[in-house]
Amino acid sequence: MRKKIVAGNWKMNNDLAATQDLLAELKKQVFPEDVAVMVAPAFTNLYPAYQTLREHPVEVISQNMHQSDKGAFTGEISASMLKSVGVNTVIIGHSERRSDFHETDALLAEKVDTALEKEMTVIFCVGEQLSDREHSEHFEVIKTQLDRGLFHTSKESWEQIVIAYEPVWAIGTGETATPKQAQEMHAFIRETISQQYGDGIANNISILYGGSVKPNNAADIFSKKDVDGGLIGGASLKADDFMAIVNAFGK
Ligand code: PEP
């Protein structure tokens, strides 16, 4: 079902003490009932975060996972391991994974399959580089990422899929897509999904925007009809800013 979602991606920030401090701040807040709120701490802090938020509406999610279930993959974490510490949602295909860790569309498709098989929810990230937009190739780039990463999945799987549109040029740069640019791309993503899977699935899918969402621009972006929430990096590390973003949507 199409849901409003605000997810904080904490990336490689916050040791255990800082994680607990931030969680303690979040626990004091009252969250709007119509917004699903999620936070993605580092792997080492997932279980403590899960324990801290056990009776709380905020969901603890993962920033990544490996495509295999177990074996000789030094330094990696599997879907089963995530599930064993209470994590049922995973971000796949973040642009930092695609660029810094060379994760290809084919690899991401494998990760998606594994997560779906393990009955996890996938937040699948797509986004164009600035040069793609300058060459007016942004729609084609997003279509290709969807096609290669997700469009092999069954119709039934789409109950477990959320999309995050994150233009790479807007991530961590302070530069945000305008609400109009975000709406235009979200509508395009929905239309592309509709062509592949039909209107029912396209209208039910939540499409989040990510890229320098801050308290002062969140309401404008979230007001657009095809924007169903946000994936928030930097601003999710401060409880007040994160809450202001959540509340910009919940109002
Ligand atoms: C992100 O990394 O997913 C992100 C959107 O970061 P920021 O909000 O800092 O641009």
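Taking amide H atoms as placed 1.01 Å from N in the peptide plane, the amide H of GLY8 lies under 5 Å from those of MET38, VAL39, ALA40, ILE232, each 5 or more residues away in sequence or on another chain. Stokes-Einstein diffusion for the range 72-205 at 4 °C, viscosity 1.567 mPa s, with a Kirkwood radius from C-alpha pairs, works out to 83 µm²/s.
Dipole check for the range 165-251: with +1 at the C-beta of Lys and Arg, -1 at the C-beta of Asp and Glu, and the Cα centre as origin, the magnitude is about 160 Debye.
To put it simply, the accessible area of the chain at a 1.4 Å probe is 49 percent carbon and sulfur. Measuring between their Cα centroids, the range 197-237 and the range 100-121 lie 22 Å from each other.
Taken along its three principal axes, the alpha carbon spread of the chain comes to 45, 45, 33 Å, from the longest extent down to the shortest.
Cross-link partners for LYS155 among the aspartates and glutamates, with Cα-Cα distance under 12 Å and sequence neighbours closer than 8 places in the same chain left out: ASP199. Over all distinct Cα pairs, what is the inverse of the mean 1/r for the range 119-181, reported as the Kirkwood hydrodynamic radius in Å? Value: 12.9 Å, from the Cα pair sum. Taking Lys and Arg as +1 and Asp and Glu as -1, the other residues whose beta-carbon sits under 11 Å from that of ALA42 total 0. For the chain, the mean residue ellipticity at 222 nm estimated from helices alone is -12000 deg cm²/dmol, where every DSSP H run of n ≥ 4 contributes -39500 (n - 2.57) and the total is divided by all residues, rounded to the nearest 500. Put THR104, THR121 in order of accessible area, highest first, and with a 1.4 Å probe you get THR104, THR121.
Accessible area of ASP15 (1.4 Å probe, protein heavy atoms only, ligands and nucleic acids ignored): about 100 Å². Remark: the range 29-100 carries 47 Å² of accessible area per residue (probe radius 1.4 Å; ligands, DNA and RNA excluded).
Highest mean packing comes first when the peptides 106-115, 197-206 are listed by Cβ atoms within 10 Å, giving 106-115, 197-206. Taking all protein chains together, LYS28, LYS155 sort by accessible area into LYS28, LYS155, largest first [probe 1.4 Å]. Counting only Cβ charges, +1 for Lys and Arg and -1 for Asp and Glu, the dipole size of the range 103-224 around its Cα centre is about 340 debye. The residues of the range 116-221 expose on average 44 square angstrom of accessible surface per residue, using a 1.4 Å probe on protein heavy atoms. Remark: relative contact order (the range 1-48) = 62 percent; criterion is Cα-Cα distance under 8 angstrom and separation of 6 or more residues. Please state the shape class of the range 1-70: rounded when a/c is under 1.5, otherwise prolate if a/b exceeds b/c and oblate if not, all from the C-alpha gyration tensor. Judged from the Cα gyration tensor, the range 1-70 comes out oblate (a/c at least 1.5, b/c at or above a/b).
Using r as the Cβ-Cβ distance of GLU33 and THR104, and R0 as 30 Å, what FRET efficiency do you calculate, to the nearest 0.05? Approximately 0.15, to the nearest 0.05. Normalised by the number of residues in the chain, the average gap of Cα pairs under 8 Å and 6 or more apart makes the relative contact order 22 percent. Exceedance of the 18 Å cut-off in Cα-Cα distance is limited, within the set LYS11/LYS238; LYS214/LYS238; LYS111/LYS214; LYS27/LYS118, to LYS111/LYS214; LYS27/LYS118.
Ordered from highest to lowest accessible area with the whole protein assembly present and a 1.4 Å probe, SER136, SER95 read as SER136, SER95.
The values are calculated or read from the model by the stated rules, or taken from the named source; none is laboratory data. If you're wondering where the values come from, they're calculated on a predicted model, not measured in any experiment. When we count neighbours, we look across all protein chains shown, and the Cβ atoms used for this are built from the backbone with ideal geometry, even at glycine. What goes into the accessible areas is simple: the full protein's heavy atoms, side chains included, and nothing from ligands, DNA or RNA. Shrake-Rupley method; radii C 1.70, N 1.55, O 1.52, S 1.80 Å.
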